[in-house]
Structures are given as C-alpha cells and as structure tokens.
Amino acid sequence: MTTADAGGAPAGPFTRPGFIASALVVALVLVLGAVLGILRTAREEAAPPAGASTGDPVPAATASTPGPEGAGASVCGLGGEALGPARLDAAPQVDRWDYQGTTAYPVSQVYGPAATSAEGYRYCFQRSAEGALLAAAGALATGTDEALARTWIEYFLAPGPYREQLLGEAPARASGAAPEGSARLRIIGFRLLSYTGDRASVDLAVWASTQGREITLSMVYHLQWSDGDWRLSSASPAPLDVVTIPDAAGYVSWGS
C-alpha cells in the first residue's frame, strides 16, 4: 500500500519518513565506521613477514597510542583538570569553529584541541567536562574524514576488552549508502550525561541532511581519560550510540 504526498503523487515506501530516517542513520554510521575498515586494510598491508617480531604500532610524531586508563597528565600539558563529578548546563565559550571537510568543530585554547599530529588530526583536550565535550565534537568531525582514519582511530580508541575487535571490524558497506560528500552534519546541541574525571558520556544533538532530506540525531560518545587525553571507550562493543530524535528539545543549544 502507498500513500499520497502533499502534491497528490503516490509515495512509495522509499520516500516515507521512517525509511528516510533509517537510511540517514545507516549512512552516518557507515561514514563514522569506515575508519575501522580502512585501519584493518592498512594493518594487513603493513603486516610483517612470518617470523618477524611484532610490536606496538608506531605512534604519530606528536601523539601517542593509548596506555592504561587514567594514566598521566595531559599529553600536551593542558591545565585546569577537574577530577571529580561535574555538570555542564551551559555551552562553554570557544575561540572559533574550524571545519573538517564540511563539518564544523569547536576550538579553544583552554579546552582543546591543543595539538596536531604529523598526519593532520587534532587531539589533546582538557581533563574537564568542557574538554570531554570538545573531544566528542572533534571526534564527530574527524570521524567523517577517511584521509585521517588510519592513524586517528588507532589513537582515539582507548584500551579495553573490545579494542582489538573494534579495530579489526570492517563495516559492512550498504549498496544504497549516500555517496561521499553528499551528507551534511552540524552540531546543534549537547547534553553531558555523566562526568567523573576518568569517564564521560557526551550526547551530541546533530542535524543531518542528505539529498534534500533532514533529520536530527542523538550521538552519545562514551569517553575515558587514557594516557593524557579523552578517548573513545572500548569497554563495550558499541562505544557510540546513534539514534534519531524528533528535535533537540532538552539539549543545551550549541553550534557554529
């Protein structure tokens, strides 16, 4: 059965809001998950010959691969750490919004990102609620750039029981996924769900558009402080939760 649109033309199942929402979510998850597949390919290409010794991945020139949870002060010396529980009910002041491709992310001398790797990805965020928020926003933008994926995801994914599984998973490519560059993402709000100093859960409200269709997403990043920076937790096989929401009601308004 089909329904009619506002102009009276039949509306098939592929134009219904539910299908459009699902397609956008799938496309977005594929964009963010593509870094894992690229990393797997890079690892296979760089695998040492049989019998050769294997060591830890070589870190970026200015960044380090993650160590134990909570280890060390800020990797780039950012001060102002907040080690106890904290709330964030107002948008932090930032210096500007830069772009990774077409996706804007906030930049602050206080909260980060305060360093750039030799490969070009930005990192080092303050150990605070604000720093965790900006780390999540930066991850959203960087996660859409396949050119940085090989080294960024290796840096950004924290140690944990599912780290190797997540790094080794190549995401399934849906044949109907949106072509690269056809989607637009914009942060429009946030909620700090929890913050302890060692861990933070940041919920970003994200406006997404592709092929003339718009949707609002909730993207929850589960972060942990590891080796002097905020990184994506690998304590579970799903460290990033993405769902559709009606609007950004209940979120703190924030964005470029």
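Among the residues of segment 102-127, the one identified as closer than 23 Å to Ala205 by Cβ, buried (at least 16 other Cβ atoms within 10 Å of the Cβ) and modelled with pLDDT under 95 is Thr103. For segment 70-129, taking the residues that are of a type in the set (D, E, K, R) and part of a loop (DSSP other than H, G, I, E, B), the one that is farthest from Leu185 (Cα to Cα) is identified as Glu81.
Any chance segment 52-70 includes a residue that's modelled with pLDDT of 95 or more, farther than 23 Å from Pro237 by Cβ and among the small types (Gly, Ala, Ser)? No; the residues of segment 52-70 include none that is modelled with pLDDT of 95 or more, farther than 23 Å from Pro237 by Cβ and among the small types (Gly, Ala, Ser).
Evaluate the following for Ala86: is it under 21 Å from Ser253 (Cα atoms) and modelled with pLDDT under 95?
Answer is no for this residue.
Please identify the pairs in which a residue from segment 233-244 that is surrounded by 15 or more Cβ atoms within 10 Å (Cβ to Cβ) has its Cβ atom under 8 Å from the Cβ atom of a residue that is among the aromatic types (Phe, Trp, Tyr), counting only partners at least 6 apart or on another chain. Final answer for the pair search is Ser234/Tyr162; Ala235/Tyr162; Pro239/Tyr162; Pro239/Tyr221; Leu240/Tyr221. Listed by first and then second residue, the pairs linking a residue in segment 78-97 that is farther than 14 Å from Ser128 by Cα to a residue that is outside any strand (DSSP E or B), with Cβ atoms under 7 Å apart and 6 or more places separating them unless they lie on different chains, are Asp95/Gln109; Trp97/Ser256. The set of residues in segment 128-147 being in contact (Cβ under 8 Å) with a residue 40 or more places away in the chain and hydrophobic (A, V, I, L, M, F, W, C) consists of Ala129, Ala132, Leu133, Leu134, Ala135, Ala136, Ala137, Ala139, Leu140, Ala141. Can you find a residue that is in contact with a Ser or Thr (Cβ under 8 Å, 6 or more places away or on another chain), closer than 20 Å to Val243 by Cα and modelled with pLDDT of 85 or more anywhere in segment 165-179? Scanning segment 165-179 turns up no residue that is in contact with a Ser or Thr (Cβ under 8 Å, 6 or more places away or on another chain), closer than 20 Å to Val243 by Cα and modelled with pLDDT of 85 or more. I'd like the residue in segment 209-256 that is part of a strand (DSSP E or B) and among the aromatic types (Phe, Trp, Tyr) and, out of all such residues, is farthest from Ala141 (Cα to Cα). Filtering first and then ranking leaves Trp225.
The values are calculated or read from the model by the stated rules, or taken from the named source; none is laboratory data. In this text the structure is predicted, and so the values were computed from the model without any measurement. Every residue, glycine among them, receives a Cβ derived from its backbone with ideal geometry; neighbour counts consider all protein chains shown.
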